[in-house]
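See structure below.
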Amino acid sequence: MLWIKSFHIVFMVAWFAGLFYLPRLFVYHAQAIDAVSLERFKVMERKLYYGIMTPCMAVTIGLGLWLWGGYRIGFGQGWMHAKLALVGVLIAQHFYLGKLMNDFKYDRNTHGHVFYRWLNEIPTLPALIGIVILVVVKPF
Ligand code: HEM
């Protein structure tokens, strides 16, 4: 079980690296003008989203479900339900970032760099803090 939990945390960290970095790329992409930079950002975003973020999200969730369903850890407990609600927010954020990446891919982005500076933190940071406190402290 501890091996599964270890890799659950490893892949969670990699997923979060992307959840924080992709909006940062969007900040600079929204300010770029020259064709070379615009194409470079599209390549970086696609590789980050499909090469790292999506596989790591899938493995984090798969191993988490194995801990929860297979080892019954947190079954029926409030902290686990609250954690799953926050994980739901992160999954929605992941797919929303994918939609925004497609908007950039087809040059139809409508947001400015300030919007992406906020998206860089909200909701990812509060969700991260909330999930770690819930799963380590188990306050309820
Ligand atoms: C569907 C998604 C997920 C499920 C079902 C799930 C389930 C679990 C379960 C059952 C444990 C074991 C808890 C224990 O041994 O006390 C665990 C550990 C952990 N999970 Fe998740 N998890 C999920 C997603 C996440 C995400 C997105 C994060 C990101 C912050 C995360 C962070 C952690 C951490 C840090 C631990 C280790 C806690 C400890 O050892 O005290 N999990 N997870």
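As for the range 50-69, it holds at least one residue that is more than 16 Å from the ligand (Cβ to nearest atom) and free of Cβ contacts under 8 Å to residues at least 40 places away in the same chain.
Applying the set (1) among the polar types (S, T, N, Q); (2) open to solvent by 50 Å² or more (accessible area, probe 1.4 Å); (3) out of contact with any His (no Cβ under 6 Å at 6 or more places or on another chain) to GLN31 leaves exactly one unmet item: (3).
Regarding GLY18, is this residue of a type in the set (Gly, Ala, Ser), out of contact with any strand residue (DSSP E or B) (no Cβ under 6 Å at 6 or more places or on another chain) and free of Cβ contacts under 8 Å to residues at least 12 places away in the same chain? The answer is no for GLY18.
A search for C-beta distances below 9 Å between a residue of the range 95-113 that is without any contact (Cβ under 8 Å) to a residue 24 or more places away in the chain and any residue that is open to solvent by less than 40 Å² (accessible area, probe 1.4 Å) and of a type outside the set (Gly, Ala, Ser), counting only pairs 6+ apart in sequence or on different chains, returns TYR96/LEU119; THR110/ASP103.
Of everything listed in (1) more than 10 Å from the ligand (Cβ to nearest atom); (2) modelled with pLDDT under 95, the single unmet condition for GLY74 is (1). Checked against (1) more than 10 Å from the ligand (Cβ to nearest atom); (2) under 21 Å from VAL10 (Cα atoms), LEU86 meets all criteria but (1).
The values are calculated or read from the model by the stated rules, or taken from the named source; none is laboratory data. Given the structure is predicted, the values throughout are model-derived calculations rather than measurements. A quick note on method: Cβ atoms are made from the backbone with ideal geometry, for glycine too, and the neighbour counts reach across all protein chains shown. Ligands, DNA and RNA are excluded from the accessible area calculation, which covers all protein heavy atoms including side chains. Shrake-Rupley method; radii C 1.70, N 1.55, O 1.52, S 1.80 Å.
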